[in-house]
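K.L.:
Provided herewith is a single structure, encoded as structure tokens, for subsequent inquiry.
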Amino acid sequence: MKKQLLTLLLALLIGMPSGVALAHGQGHRGGHDKFMMLFDTDKDGVVTEQEFAESSARRFAKMDGDSSGTVSTEEFSQYIQERRQERKQRSFQDMDTNADGQLSLDEYLKAKRERAERRFKSMDQDANGLLSVEEITASKHGHKHGRKTYGGKRIFARLDRNGDGQIDREESQIAWLNWFARLDSNNDRVVTLEEVREAHDNR
């Protein structure tokens, strides 16, 4: 349950409908670096409990469109859709290397090739330039059809602890603090990149 909540929260944070960066290391920065980029606001290499709490408060405020103190299913759905649109826009901009507002076949294929190369390297555990059946089987990419996916409704249900159809500040705070506590393995109220990696490795 805690591991699922951890992945759900990062999915919510960066607008990914499934797959989840922390759990699967998506993107060129990877889930570990993404976490630090999002929460390490003073760029000192660690995430303090205060930084994390401030980020969660900002996130709740963005979801609470009418500033009522609770997030309805409609507000939550709107928030998810906006985050997904932002992610698609960033993806397009990354692929549009000449910034002309259009994707050529070369730009598209180049982006796909680079992604495939990153995926291949992550699967090639012995770094010999070849993939064995065992490496493919052991890889998350080899099990992509068996992954659980978390749509907006399922994420909302996880966060709505009392099942009243609203997410209030307390429910939001509990979810975020549980995530922070899960990552803070030595209980020093600071999360390091090593702890984030450890959480990923032990998922």
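K.L.:
Name the single residue, out of those in segment 37-52 being part of a loop (DSSP other than H, G, I, E, B) and not acidic (Asp, Glu), that is most open to solvent (accessible area, probe 1.4 Å). Talk me through it step by step, then tell me what you get.
P.N.:
Here is the first cut: in segment 37-52, the residues part of a loop (DSSP other than H, G, I, E, B) are 40-45.
Now drop any that are not not acidic (Asp, Glu), which leaves 41, 43, 45.
Numbers: Thr41: 77, Lys43: 133, Gly45: 40 Å².
Among those residues, the one meeting the criterion is Lys43.
K.L.:
Please work out if Lys88 is without any contact (Cβ under 8 Å) to a residue 12 or more places away in the chain and of a type outside the set (S, T, N, Q).
P.N.:
yes
K.L.:
Give, as residue ranges, the helices (runs of 4 or more DSSP H) completely inside segment 53-144 that count at least 1 residues that are surrounded by 13 or more Cβ atoms within 10 Å (Cβ to Cβ) and modelled with pLDDT of 90 or more. I'd like the intermediate steps shown before the answer.
P.N.:
Details: elements: 73-95, 105-123, 133-138.
In segment 53-144, the matching helices (runs of 4 or more DSSP H) lie at 73-95, 105-123.
K.L.:
Report the residue count in segment 92-119 for those that are more than 24 Å from the chain's Cα centre (by Cα) and among the small types (Gly, Ala, Ser).
P.N.:
The total comes to 3.
The values are calculated or read from the model by the stated rules, or taken from the named source; none is laboratory data. Owing to the predicted nature of the structure, the values given are computational and were not obtained by experimental measurement. Cβ atoms come from the backbone with ideal geometry, glycine included; neighbour counts cover every protein chain shown. Quick note on the areas: whole protein, heavy atoms, side chains included, nothing else; ligands and nucleic acids left out. Shrake-Rupley method; radii C 1.70, N 1.55, O 1.52, S 1.80 Å.
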